[in-house]
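This report refers to the structure that appears directly beneath it.
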C-alpha cells in the first residue's frame, strides 16, 4: 500500500506554525484560531483515513498486521550504519496518530474560547502547531535517531508552552525546570542510542525489533558488570522515557508544568507528550522482552508500579485541582509502564502490552476531558484551588456532567472506557506478578478517592459566595468537553486486542469477572469515602489529616523531593563541586593565562625602546651588530 500522503500529517501543523509565526502581527487573532483548527482538522482526517486503510483494508496479511516503511537516507556513517528519515506505519503508530489528532484538535477548538482576548493569541496557536508537528513526527519515526530528533523538538515545544506566560516568574521557572530535568534523562537516552549504533550497526526499528535478527544475537555476546550491552542500552533508553513520562524519581517537573495555560496541560501533560515515554518502551518492546529474559523490562514494571502508588498518595493531599490531575497523570502513566513490564509477547500472553496501549488510548480521552473541564471551572471562578470552589453544578451543568463522566472513567466505573482498559492491566499483572497486581488494586481505590474528592469539592461541597456569578463556558469550550465525554464513555468498546498487540496478531480478550469485581469494589469504596468526606462541608478531612500526622504533611509537600533536588543542586553541585571548579578555573586556568599576558606586557615595556623610530638608533644597532659579528668571525678564524 502507498502511504506517501502520510507525510502531510506532520507537515500541515508545521506549515501552520510557520504561517502564524512569520505573520504573527498581520493575522487577526480570530483568523489564527481558525487556521490552527483547520490545520489539525485536516491532519485528523488524514489520520482517521490512515487508520481505516491500515486496520480494515490493507494492513493485515495472513492474519498479521504488517509494517509499512517509506524512508530516505539522510546521513551515512558506515556501509551499514545510517540515519534515515521517513514514516513507519504499524498498529501503535496508527493508534497514536488517532490519539494525537483527536486531543490536539479538541485543544485547538477549546483554546479559541479559553485564550480569547489574550495578547499572544496568534503566537499560542503557532506554538500548538509546532508541538503537533513534533509529536506526529515522533510517532511516525522509523529509527532511534529520528525519534530522538523529534523527542527533543517536543521538549522545545513544551518549554515554549509551559513558559507561555513569560511575565510570571513561576511560569518561567517551571519551563526551565521541565527542560532541564528532561535533558538529564535524555542524556541517558542518547547514550543508549549510541551504544546501539556501536554494537549493532543500525538504528532501524524493523531490524532491532526482529526477535530472530542478528542485531539482537550479536548484543547478547557483549557484557558489562554482568549485563549485556543491549540491556544497559535499554535501561538508559528507559531513563529517557521515564523523564518524559515523569516516572519516579524524574517526576518533579510535571506538577510545576501546570503553570502553562490549561489547554497546554490537556495537550502536553495529560494526553500526548508524557505518553511518549510509554510509546518509546512499546516501540522497542521485542528488545525489552527477549534480551536476558526481560531484565530491563522488570525494571520498567517496578518503576511503573512504584510511581503509580507514589503519585496517587500525593494526589490525595493536593488542593490545586490542576496539580491533582498532574499527579493523577503520573500515576496512570505508571499503570501503563507496569502493564508493559508484566507483559509477554505472543498471543494472550502479551495482554499487558495490549492493555498498556489500550489504557494509553482511553486515558488520553478522559484525562484531556478532566483538564479541559478543570480549565472551564478555572475560567469561571478565576482560581485553581478547591477552597475557592463549591456548588458549581448549579452554574455549570455541562462542565459538571462531563467532568463526572471523566471521573467515573478514570475510577474504572463499569462500562466506562477506563473500566475496560484498567481491568486488562490488572488481569495481566495478576497473571505475572501478584505484588504489582496488589499495588494496582490499591492505586485503583486511591484514584477513585482523589478524583471524587475534587469532583465533590468543585461541584458540590460548600456553597461558595462568589464575587461574580459563575456561568457555563462558551460553545467553543463545551463542544470539546461533550465530544471527549462521549469518547470517555464508549472508546472502551473498541476491540483493541484484535488491533494492537505485541506480535501484531490479534486475539480475543475477555473480562475476568472475579478480578473486575475486586477492582470495581475497591473503586466504589474510594468513591464512597469521597462522598462521605467531601459531598457536604464537614471537618472529617481535617480529622483524617491529623490522624496521619507527619505522613500527611510529607505527602502534601510531595515528600520534599523538590527540596532534596534543590539541596543537591545548590549546596552540593553549585556551591560544592561547581564552586570549587569555578575557583580552580578562575585562579589556576585564568590566572595562568593572565600571568602569561602580564609577563608579556612587562617584557614589552622593557624592550619597546628598541623600536624607538629614530634612524640614528637603528644605525648604531646595525653597526654594533656588524662589529660584534666581525669580531666573532676573526676570533673563530684565528683559532
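The values are calculated or read from the model by the stated rules, or taken from the named source; none is laboratory data. A quick note: this is a predicted structure, and the numbers were derived from the prediction, not measured. Cβ sites come from the backbone with ideal geometry, for glycine too, and all protein chains shown count toward neighbours.
Tell me whether region 38-60 contains one or more residues that are closer than 15 Å to residue 136 by Cα, at pLDDT below 90, buried (at least 16 other Cβ atoms within 10 Å of the Cβ) and touching a strand residue (DSSP E or B) at 6+ places or on another chain (Cβ under 6 Å).
Within region 38-60, not a single residue is closer than 15 Å to residue 136 by Cα, at pLDDT below 90, buried (at least 16 other Cβ atoms within 10 Å of the Cβ) and touching a strand residue (DSSP E or B) at 6+ places or on another chain (Cβ under 6 Å).
Select from region 379-411 the residues that are part of a loop (DSSP other than H, G, I, E, B) and at pLDDT 90 or above and list them in ascending order.
Filtering region 379-411 for residues part of a loop (DSSP other than H, G, I, E, B) gives 382-384, 389-391, 395-396, 411.
Within region 379-411, just 411 meets the criteria.
Going through 150, 179 one at a time, which residue ends up being touching a residue at least 24 places away in the same chain (Cβ under 8 Å), part of a helix (DSSP H, G or I) and more than 30 Å from residue 28 (Cβ to Cβ)? Before the answer, list the steps.
Values: 150 fails: touching a residue at least 24 places away in the same chain (Cβ under 8 Å).
Just one listed residue meets the conditions, 179.
For every residue, the table says whether it meets (1) more than 17 Å from the chain's Cα centre (by Cα); (2) modelled with pLDDT of 85 or more; (3) assigned by TED's automatic domain parsing to the domain that holds residue 379.
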{"position": "211", "(1), (2), (3)": "yes, no, yes"}
{"position": "219", "(1), (2), (3)": "yes, no, yes"}
{"position": "243", "(1), (2), (3)": "no, yes, yes"}
{"position": "277", "(1), (2), (3)": "no, yes, yes"}
{"position": "309", "(1), (2), (3)": "yes, yes, yes"}
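What number of residues in region 143-173 are surrounded by fewer than 24 Cβ atoms within 10 Å (Cβ to Cβ) and touching a strand residue (DSSP E or B) at 6+ places or on another chain (Cβ under 6 Å)?
Going through region 143-173 one residue at a time, the tally reaches 1.
Could you say which residue among 509, 448 is on the phi < 0 side of the Ramachandran plot, surrounded by 15 or more Cβ atoms within 10 Å (Cβ to Cβ), out of contact with any strand residue (DSSP E or B) (no Cβ under 7 Å at 6 or more places or on another chain) and assigned to a helix (DSSP H, G or I)?
Details: 509 fails: assigned to a helix (DSSP H, G or I).
That would be 448, the only listed residue that is on the phi < 0 side of the Ramachandran plot, surrounded by 15 or more Cβ atoms within 10 Å (Cβ to Cβ), out of contact with any strand residue (DSSP E or B) (no Cβ under 7 Å at 6 or more places or on another chain) and assigned to a helix (DSSP H, G or I).
Hey, among the residues in region 63-109 that are assigned to a loop (DSSP other than H, G, I, E, B) and modelled with pLDDT of 80 or more, which one's surrounded by the fewest Cβ atoms within 10 Å (Cβ to Cβ)?
Taking region 63-109 as the starting set, the residues that turn out to be assigned to a loop (DSSP other than H, G, I, E, B) are 63, 66-67, 77-81, 90.
Next cut, modelled with pLDDT of 80 or more only: 63, 66-67, 90.
Values: 63: 8, 66: 16, 67: 16, 90: 20.
Filtering first and then ranking leaves 63.
Looking at (1) assigned to a helix (DSSP H, G or I); (2) free of Cβ contacts under 8 Å to residues at least 40 places away in the same chain, find the lone condition where residue 119 falls short.
(1)
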